[in-house]
Amino acid sequence: MTSVMKRQNGGGNPFQQHRLLTQIKDKPISFVRAKNPEPVAIKPASYILIKPKQREEEDTSPGTTLSAATPTNFIPLSATLDPGSRSPSKIQKAWKKGTPSPAGLINQGVTCYMNSAVQLLMHMPAMSNYLADILLAKKYPGSVTQVFAQLYGKLFGGKKNIFPRQLIGRLDDINCMMSEWNQEDAHEYFMSLMSRLQEDSTPKGEKLNSSVIYDMFGGNLEQVVVCGGCGNESVTKQDFYDLSVNLDEKKPEGRISLKRCITRFFEEEQIQKKDGYKCDECQKTTSAKKTSRIHEFPEHLVVHVKRFKFVNDQPRKMGAPLDYPADLDLGHYSRDKQRAGVVPYKLIGVIAHCGRTTGSGHYIAHVRQPNGKWATYDDDLIEPLSEKKALKEEDAYMLMYQRLTPQASKSKSASGPKSVAMGTPKAAGKVTKPVVKTGKGQRKMADIDNIFASAKRKKNSGFV
Ligand SMILES: [Zn+2]
């Protein structure tokens, strides 16, 4: 929906307007089956009856910050330096002080799926800092990464609205099954774009998990299958970039807990003999038990709530309201039981799908802005949002949590060769892979500062 239409509809809640409009318009749009298979096979969810929503009274205090305190010995989200928990670190997870809020994204068709995914990525400090590096160093010319970095420069350049023409023009490169004229799946677009950025950033001849994108999103799962016949344990490891969780829990009141969904994801799974598991040890096809545990924790946890299902080849949306926390602890799902309770994450963004069908509806993003306050990005409309409301989006479809870095990582980083320098103009055209340098945190931030200043200077010369 365009901003003109929004204005013509007068004031009031834009989400309600979207719902009403999508019900009225309801134009036929083809649905494309997801191209990427799910990383872990999970039982199909049962259908949950959609109930009318009972929204609470509006919270009139806009833009309040997260109330839950940062656990002791962890770097708060408000810090200005945060190298992340890994060593060596290629990322910088803190916003530079004074970073402006990104502009809105104009939707001239049905590209809200794209706009919401882009805003979620742009509101990740680590992604923004990386894109600043790409833009300054003019890395990967002609690539989707370069186009995305140019969009970063425009979004943070002081304009109110941007039409992401160049990024839309690269949709075929990002996911050739998608069309800018169809309502597509925001999660699928998000993962396709991330995958493209990862391919661009992986040095030739190296594995995908050597890329900076793995350092932002990647984690590693350890899967243990215990043979029901001989008791042999078979252990495999698998990288993951998001968790796709089922909404298959029925409750009388119809509400779903995200924590419960994640717990179910990690619960022991019974493999039946008819499923065809063959044990490497005893060579028999037998029953088995499978459990997944986190071996390496991601710096950013993307949780995809599987609201869209194919039932009898027909797409169907599961509208159950989702309850999700501001603070999440993944330590409970660690391979190492000692970690239980000590791997904290904080919510930094939510993508919601409003509407009751897969072919219509509308995507919006609730995000934590660089100033620590929350806002809703509804295409080109940006509205302040209280933390309370940010945590009450019942239509939540994707959530992004940022891992809190132990304070020790900060001090280690200052003395060790850990951080990768953000690009500098001098490096333009030369740097093709991440360069490990020492203690460049201050320079990184100065470089980002240049981007804001440069973008503002070029504002009237076609740059933004
Ligand atoms: Zn066996």
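Annotations
- Area of ASP185 that stays accessible when all protein chains are in place (1.4 Å probe, Å², to 10): 30
- Distance violations [Cα-Cα > 24 Å] among LYS93/LYS154; LYS90/LYS207; LYS96/LYS154; LYS97/LYS204: LYS97/LYS204
- For the pair ARG356 and ILE168 in one chain, pulling the backbone fully straight at 0.36 nm per residue adds 65.1 nm over the alpha carbon distance.
- Here the calculated FRET efficiency for THR72 and THR291, from their Cβ-Cβ distance with R0 = 41 Å, stands at 0.85, rounded to the nearest 0.05.
- Modelled FRET efficiency - R0 25 Å, VAL224 with LYS259, Cβ distances, 0.05 increments: 0.65
- Potential extension, ASN209-GLU268 segment - 0.36 nm per residue separation minus Cα distance: 18.5 nm
- Difference of contour (0.36 nm per residue) and Cα-Cα distance, THR236 to ASP275: 12.2 nm
- Cα gyration tensor category, rounded, prolate or oblate, for the stretch 205-337 with a/c compared to 1.5: oblate
- Cα gyration tensor category, rounded, prolate or oblate, for the stretch 262-343 with a/c compared to 1.5: oblate
- Global form of the stretch 311-378, assessed from the alpha-carbon gyration tensor, a/c cut-off 1.5: oblate
- Projected label distance in nm at CYS176 and ALA408, using a 7 Å step from Cα toward the beta-carbon: 4.8
The values are calculated or read from the model by the stated rules, or taken from the named source; none is laboratory data. These numbers were taken from a predicted model, which means no experiment stands behind them. FYI the Cβ positions are ideal-geometry reconstructions off the backbone, even for glycines, and counts take in every protein chain you see. Just the protein is used for accessible areas: all its heavy atoms, side chains included, with ligands, DNA and RNA removed. Shrake-Rupley method; radii C 1.70, N 1.55, O 1.52, S 1.80 Å.
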